[in-house]
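Notes follow once the structure below has been shown.
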Amino acid sequence: AQSVTQLGSHVSVSEGALVLLRCNYSSSVPPYLFWYVQYPNQGLQLLLKYTTGATLVKGINGFEAEFKKSETSFHLTKPSAHMSDAAEYFCAVSDNRKGYSTLTFGKGTMLLVSP
Amino acid sequence: DTGVSQDPRHKITKRGQNVTFRCDPISEHNRLYWYRQTLGQGPEFLTYFQNEAQLEKSRLLSDRFSAERPKGSFSTLEIQRTEQGDSAMYLCASSPPGGAGNTIYFGEGSWLTVV
C-alpha cells in the first residue's frame, strides 16, 4: 500500500520568504509523485509532477520539488512567497504498476502568507 | 478549453434522501475518477472508469453508492439513503489515455451537506 505524510498541517511565512512544504511517501514500487494546490471552495490544480528522469521538477507559479529516493521525500519549495500563494497544498503518490493513476493524497498543508 | 464540470456545486439534503451528482469530463478524456474530500483531509479515491467500464472501486464505496458512465461520456454518482457521514465534497476528475503518470484534472467539486 502507498501512503503520503505531509509534515505540518499549517505553515506560515512572510511575503518574500522561502516556502518549504514537506512530503514523505511510502511505496513498494518506484512512485509517481504529484503536488496539487487547492484554493478555497475549489477543486485541485496540478502544480508539478515527477514520473521519471530529472529529479528536480519545476512547476507553475515558481514552485519546484526534488525527488529524493534515499529520503523518500518530495518536498515543495518556492524561493519567494507571494500573497496569492496562500492555499492548501496536497502531495500525492500514484502506483505506477497500474496502467492508470489512482492518487493517494496526504492530509494537506495550509500555507499562510502574511504581508 | 473547458475543464471538468460538476453539477450541482452545492447540495443540502435531509438524512435518508437520495442525491445524484453529475460530472462532465474534459472532452476526449477516456478516464474518469471520483474522489471524496472531508474537512481537513486530502481527497480519497472512490472509483475509476475507463470509457464506460468501471474498473476499480474503493472499499469506501459502500453499497449505498453507485456510479455510472453510460456511453463513456458524462458520469453520475448516486448516494442512496444519505447519512450525515456522507457530508463531504465529491470531486470528479479526468485524464487522457496513457499511463499512471498522466495528469489528472479535477473539477471544482460538489459539496454535499446532509442534515
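What follows is calculated from the coordinates using simple rules that are stated; it is not laboratory data. Not measured: the values here are computed from a predicted model. Cβ placement follows ideal geometry from the backbone for every residue including glycine, while neighbour counts extend to all protein chains displayed.
For the stretch A:13-115, GluC sites (Glu not before Pro) meeting the loop criterion (DSSP other than H, G, I, E, B) and having at most 14 other Cβ atoms within 10 Å: A:15, A:71.
So if I place +1 on the C-beta of Lys and Arg and -1 on the C-beta of Asp and Glu, and nothing else carries charge, what would the dipole magnitude of chain B be about its Cα centre? I want it in debye, nearest 20.
Working: 13 positive and 13 negative charges, 75 e Å.
Dipole magnitude for chain B comes out near 360 debye.
Pairs of Cα atoms nearer than 8 Å and 6+ residues apart set the relative contact order; for chain B it is 37 percent. Restricting the calculation to alpha carbons of the stretch A:42-115 gives Rg and Dmax of 13.4, 45 angstrom. Please figure out what share of the DSSP beta bridges in the protein assembly as shown is antiparallel and state it in percent, rounded to the nearest 5. Of all bridge pairs located within the protein assembly as shown, approximately 90 percent are antiparallel.
Given q = 0.13, 0.14, 0.16, 0.30 Å⁻¹, what are the Debye log10 I(q)/I(0) values for the stretch A:1-48, with equal point scatterers placed on the Cα positions and solvent ignored? Taking Cα atoms of the stretch A:1-48 as identical point scatterers yields -0.42, -0.49, -0.63, -1.21. Distance from the C-alpha centroid of the stretch B:25-67 to that of the stretch A:2-67: 22 Å, rounded to the whole angstrom.
Taking Cα centre as origin and charging only the Cβ of basic (Lys, Arg, +1) and acidic (Asp, Glu, -1) residues, the dipole magnitude of chain A rounds to 340 debye.
Cross-link pairs exceeding 23 Å between alpha carbons, from the set A:98/B:57; A:107/B:57; A:78/A:98: A:78/A:98. Computed over chain A, relative contact order equals 37 percent, with contacts defined as Cα pairs under 8 Å that lie 6+ residues apart.
Sequence gap at least 6, Cα distance under 8 Å: using those rules, report the relative contact order of the stretch B:52-108 to the nearest whole percent. Intermediate results must be reported in sequence, preceding the final value.
Details: 46 pairs, mean separation 12.8, N = 57.
Computed over the stretch B:52-108, the figure is 22 percent.
Of all aspartates and glutamates in the structure, those lying under 14 Å Cα to Cα from residue B:14, and not within fewer than 8 positions of it along the same chain, are B:83, B:86. In the stretch A:1-105, what trypsin sites (Lys or Arg not before Pro) fall in a loop by DSSP, with at most 15 other Cβ atoms inside 10 Å? Those that pass, being in a loop and sparsely packed, are A:69, A:97, A:98.
Antiparallel DSSP bridges in chain B: what percent, to the nearest 5?
Details: 34 of 38 bridges.
Among the beta bridges of chain B, antiparallel pairing accounts for roughly 90 percent.
Of all trypsin sites (Lys or Arg not before Pro) in the stretch B:11-115, which ones are in loop regions per DSSP and have a Cβ with at most 16 other Cβ atoms within 10 Å?
Details: sites: B:11, B:14, B:15, B:22, B:31, B:36, B:57, B:59, B:64, B:71, B:81; in loops: B:14, B:15, B:59, B:64, B:81.
Sites meeting the loop and neighbour criteria: B:14, B:15, B:59, B:64, B:81.
Extents of the protein assembly as shown, taken as max minus min of Cα coordinates on every principal axis and listed largest first, are 48, 38, 35 Å.
Size of the dipole of the protein assembly as shown about the Cα centre, Lys and Arg at +1 and Asp and Glu at -1 on the beta carbon, nothing else charged, in debye to 20?
420 debye
Over chain B, the fraction of Cα-Cα pairs per 10 Å bin, rounded to whole percents and listed from the shortest bin up, is 15, 50, 29, 6, 0.
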